[in-house]
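Q: Just passing along the structure, written as structure tokens.
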Amino acid sequence: MRFRIALLFLIFTVGLMPRSWAQETPREQFNIREHYTRYEYRIPMRDGVHLFTDVYVPKDTSVAYPFMVNRTPYSLAPYGEDQYRPRLGPSEAFARSGYIFVNQDVRGRYMSEGKFVEMRPHLDEKHGNKDVDDSTDMYDTVEWLLHNIPNNNGKVGIWGVSYPGFYTSASIIDSHPAIKAASPQAPMTDLFMGDDAYHGGAFMLSANFGFYAYFRPQDNPTPPPVIPGFDYGGPSAYDFFLKLGPLSNANVRYYHSQNFLWNDQVGHTTYDDYWKARNLAAHLKNIHCAVLTVGGWFDGEDLSGPFKVYRAIEQNNPGIYNGLVEGPWIHGGWAGMDGEHLGSVSFGAKTGQYFRDNIQFPFFEHYLKGKGMEDLPKAYVFETGTNVWRKYPSWPPPNAKTRVLYFQDNGGLSFTAPEEKQETFDEYVSDPAKPVPFIDYAAIRVPQEYAVSDQRFASTRTDVLVYKTEPLEEDVTIAGPISPRLFVSTTGTDSDFVVKIIDVYPPDYPQPETPGTPAAPAAGAPPRPRDIPPPPIVLASYQQLLRGWPMRAKFRNSFEKPEPMVPGKVEELDFTAPDINHTFRRNHRIMIHVQSTWFPLIDRNPQTFVNIPDAKPEDFKKATERVYRGKGKSSGVIVHVLE
């Protein structure tokens, strides 16, 4: 979905990859200006609005080429026909192969006319030329391209990452017959139900605050404005947001009611008509092209979107190829990163390069140029833990069976139901004034490595419940969604319950060599002078986060109509977190955390039943949280285990 900082979107859409993102091949970078000619157009839509579009046409006219389209709200810059991007398309292989590349500022952004609407709702019924959405804008764009850009082969592909991933999905509804292939990547799909804005009814505070500091309303057409970096007043987002106090202070102190996009995100705190209209999955019908949806297991923004797009297309569009790719990536990491490491976790190979060369490029070459391709499975997914690619005929895999990891006494965790004959519980005190941090170091915004970060710091806190298995006697592979089923009570009238699933490495796990360590001095030579380095992250007993997901208890029965908790009353919480595909190796342990704050990744729940954006400082209160076990109230986590 969206990158947390709009400038990162610009990096992707313009193709200016940071140096740390290694090139796919050691050969010299392809010279775009030498092989392509750039043109700029204002393409008319059916309602009279013009969308600013650039087109890169191959100079070699000996063959006809397909179109490759990217639609973005983050600017197709640079502007001016003499200004060229250094990269085109999803990877360099596309520019070398030869395509007509098309980039478009979407309606109401940058140099395009019209009014911008956040995740513009799709119109299933249209009654005239004034009824427009992204499917009509794409249809009109394709129709214009086919008739005005010479030397095309009549075929169109579209792709995009994050917000452009949404535009890819939205553009293929009622798809133009010329569109033959599409790849929505990390597509924003349902902002309230698990994408950027809310997870389990909890507001994704740090990511959205950082994003809307840059993503602002515009008077169009306008070139990209210079937006200064936001000053957090220090290196710690945890400290910044704690000092901010109630969420309403963000508008009072910083936005000053000048960013309605932020106000919409914060103000719609239930699954109301605003959000329902923007649930794109409900409209993914009448799609006639091959679709390859892509996501990352460790995407910090759009974990849910790819699964929802894949499942909706599968259900509503029989007869087309519909595939899902999931790899060990952060948000958009497959687009330019090697994908060999994430933080301290190694995946054993350059998974990003593998995807670009062996999955993405052949997919488009096949459907747009008719070139041969190995049959793609329905699900092409990377299995972490064992670090191998797997192919399945469906997702979740058909041989994944439902099992429950039950919470046991003394912090135990087992696939066997507890034997307690009486009602028992574990408890902790949650204090919104001292929330559990989601990382154990100072950082601004959301460090991408948090999704696999070491959880040993959280395991030692008294406001975190910890359950873990004995060392596993054999590998256990979990493939599919994670569904906590908790029996809880609180002394407050609302609380969050965050569940995390963690892989605990064995105490004898080998420590990898640190890259760049100098060789030992020769025998008899004096030791080389060196400074004292920071301590390494020890992987022995490392507690690797795999998935974390909150549930705001007032939504336990409905995301549309919240209800207060009754102090002391035991309530059942059933919710589902996005899928994982991970093998817990022999001698590892499976660990579960339960906590009520995860800050500032999500906003603080006052633990009183109020409209949180309007909460006052006095509304924030400590609460004693209980999680129950035994006697018909066996809390646990439902998982899908491969057999």
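The values are calculated or read from the model by the stated rules, or taken from the named source; none is laboratory data. Keep in mind the model is a prediction, meaning the values are calculated, not measured. Cβ coordinates were reconstructed from backbone atoms using ideal geometry, including for glycine residues, and neighbour counts include every protein chain displayed. Ligands, DNA and RNA are excluded from the accessible area calculation, which covers all protein heavy atoms including side chains. Shrake-Rupley method; radii C 1.70, N 1.55, O 1.52, S 1.80 Å.
Q: Any idea what angle helix 304-316 forms with the longest principal axis of the chain, computed on alpha-carbon atoms, 0 to 90 degrees, nearest 10?
A: Taking the Cα atoms of the chain, the angle to 304-316 is about 60 degrees.
Q: Are there GluC sites (Glu not before Pro) in the stretch 317-385 that DSSP marks as loop and that have at most 11 other Cβ atoms within 10 Å, and which are they?
A: Details: sites: E326, E340, E365, E374, E383; in loops: E340, E374.
Those satisfying the criteria are E374.
Q: Would you compute, from DSSP H runs of 4+ residues alone, the mean residue ellipticity of the chain at 222 nm, taking -39500 (n - 2.57) per run and dividing by the full residue count, rounded to the nearest 500? All intermediate terms of the calculation are to be shown ahead of the outcome.
A: On the way: 13 runs with 102 residues, N = 643.
Estimated from H runs of four or more residues: -4000 deg cm²/dmol.
Q: Sticking with this one: Given charges of +1 on the Cβ of Lys and Arg and -1 on the Cβ of Asp and Glu, with all other atoms neutral, how large is the dipole of the stretch 286-356 about its Cα centre, in debye to the nearest 20? Could the numbers behind the result be given before it?
A: On the way: 4 positive and 7 negative charges, 35 e Å.
About 160 debye.
Q: Loop-only check: which chymotrypsin sites (Phe, Trp or Tyr not before Pro) in the stretch 401-489 are DSSP coil with at most 16 other Cβ within 10 angstrom?
A: Working: sites: Y406, F407, F415, F425, Y428, F438, Y441, Y450, F457, Y467, F487; in loops: F415, F438, Y441.
Filter output for the stretch 401-489: F415, Y441.
Q: Can you give the accessible area of H122, probe radius 1.4 Å, in Å² rounded to 10?
A: Counting only protein heavy atoms, H122 exposes about 20 Å² to solvent.
Q: Fully extended, how many nm does the chain gain between N153 and I227 (0.36 nm per residue separation, minus their Cα-Cα distance)? Before the final figure, lay out each step's value.
A: Values: separation 74, 0.36 × 74 = 26.64 nm, distance 4.08 nm.
Length difference between fully extended and current span is 22.6 nm.
Q: Okay, moving on. Which stretch or stretches of the stretch 250-280 have amide N atoms under 17 Å from the point lying 7 Å from D219's Cα along the Cα→Cβ direction?
A: 258-260
Q: Something else about it: Cα centroids of the stretch 495-513 and the stretch 329-353: how far apart, whole angstrom?
A: 19 Å
Q: Keeping all protein chains in the complex and leaving out DNA, RNA and ligands, what accessible area do you get for F364 with a 1.4 Å probe, in Å² to the nearest 10?
A: 0 Å²
Q: Now for a different question. Output ³J(HN,Hα) for the stretch 124-140: one whole-Hz value per residue in order, computed from phi by the Karplus curve 6.51 cos²θ - 1.76 cosθ + 1.60 with θ = phi - 60°, and x for Gly and Pro.
A: 5, 10, 10, 10, x, 5, 7, 8, 10, 8, 6, 5, 6, 5, 5, 4, 5
Q: Name the residue from P44, T624, F101 whose Cα lies farthest towards the positive end of the charge dipole of the chain, charges +1 on Cβ of Lys and Arg and -1 on Cβ of Asp and Glu.
A: Ranked along the dipole, the leading option is F101.
Q: Would you please give the residues with an amide H less than 5 Å from that of S183, counting only those at least 5 places away or on a separate chain, with H modeled from the backbone geometry?
A: The list, which skips near neighbours in sequence, is I158, W159, G160, L292.
Q: So for Y56, Y79, what's the accessible-area order with a 1.4 Å probe, most first? Intermediate results must be reported in sequence, preceding the final value.
A: Numbers: Y56 0, Y79 55 Å².
Largest accessible area first, the residues go Y79, Y56.
Q: Stick to the Cα atoms of the chain, pair each with every other, and give me the Kirkwood hydrodynamic radius in Å at one decimal. Can you show the working numbers first?
A: On the way: mean 1/r = 0.0386 Å⁻¹.
In the chain this quantity evaluates to 25.9 Å.
Q: What's the FRET efficiency of E572 with Q422 using the Cβ-Cβ distance as r and R₀ = 22 Å, to the nearest 0.05? It would help to have the intermediate numbers written out before the result.
A: Working: r = 18 Å, r/R0 = 0.83.
Once rounded, the FRET efficiency stands at 0.75.
Q: Once the piece of chain linking K371 and N387 is laid out straight, how much longer is it, given 0.36 nm per residue of separation minus the C-alpha distance between them?
A: Values: separation 16, 0.36 × 16 = 5.76 nm, distance 2.97 nm.
So the chain would gain 2.8 nm between K371 and N387.
Q: If one computes the Cα centroid of the stretch 257-320 and of the stretch 79-128, what distance in Å separates the two points?
A: Between the Cα centres of the stretch 257-320 and the stretch 79-128 lies a distance of 19 Å.
Q: Quick one: accessible area per residue over the stretch 357-470, 1.4 Å probe, rounded to a whole number of Å²? Don't skip to the answer; put the middle values down first.
A: Working: 5340 Å² over 114 residues.
Accessible surface, normalised per residue, equals 47 Å².
Q: I've got another one for you. When the accessible area of the stretch 217-281 is computed with all protein chains present and a 1.4 Å probe, what percentage of it is carbon and sulfur? Each step should come with its number before you reach the end.
A: Values: 1750 of 3330 Å².
It is 53 percent, rounded to a whole number.
Q: Express the carbon and sulfur contribution to the solvent-accessible surface of the stretch 88-189 as a percent, rounded to the nearest whole number, probe 1.4 angstrom. Numbers along the way, then the final one.
A: Values: 1340 of 2810 Å².
With neighbouring chains kept in place, the figure for the stretch 88-189 is 48 percent.
Q: With a 1.4 Å probe and all protein chains kept in place, how much accessible area does M565 have, in Å² rounded to the nearest 10?
A: Answer for M565: close to 0 Å² accessible.
Q: Something else: So how much slack lies between D475 and K130, counting 0.36 nm per residue of separation and subtracting their Cα-Cα distance, in nm? Don't skip to the end; give the middle numbers.
A: On the way: separation 345, 0.36 × 345 = 124.20 nm, distance 5.78 nm.
That pair, D475 and K130, stretches by 118.4 nm at full extension.
Q: Something else now. Quick one: pull the percent of accessible area on the stretch 418-498 belonging to carbon and sulfur, 1.4 Å probe, ligands and nucleic acids left out. Walk me through the numbers on the way to the answer.
A: Values: 1660 of 3350 Å².
Its accessible area is 49 percent carbon and sulfur atoms.
Q: As I understand it, the dipole of the chain uses +1 on the Cβ of Lys and Arg and -1 on the Cβ of Asp and Glu, about the Cα centre. Which of P435, G210, P318 lies farthest toward its positive end?
A: G210
Q: Determine the dipole magnitude for the chain: charges of +1 sit on the beta-carbon of Lys and Arg, -1 on that of Asp and Glu, nothing else is charged, the reference point is the Cα centre, and the result goes in debye to the nearest 20. Numbers along the way, then the final one.
A: Numbers: 65 positive and 76 negative charges, 60 e Å.
Here the size comes out at about 280 debye.
Q: When the solvent-accessible surface of protein heavy atoms is calculated with a 1.4 angstrom probe, in what order do S175, S257, S459 fall, highest first? Could you put the intermediate results ahead of the total?
A: Working: S175 10, S257 85, S459 30 Å².
Highest to lowest solvent-accessible surface, that is S257, S459, S175.
Q: Which sequence of Y65, Y367 reflects their accessible areas, 1.4 Å probe, from the largest down? Write down the numbers at each step before the final one.
A: Numbers: Y65 15, Y367 60 Å².
The most accessible residue leads, giving Y367, Y65.
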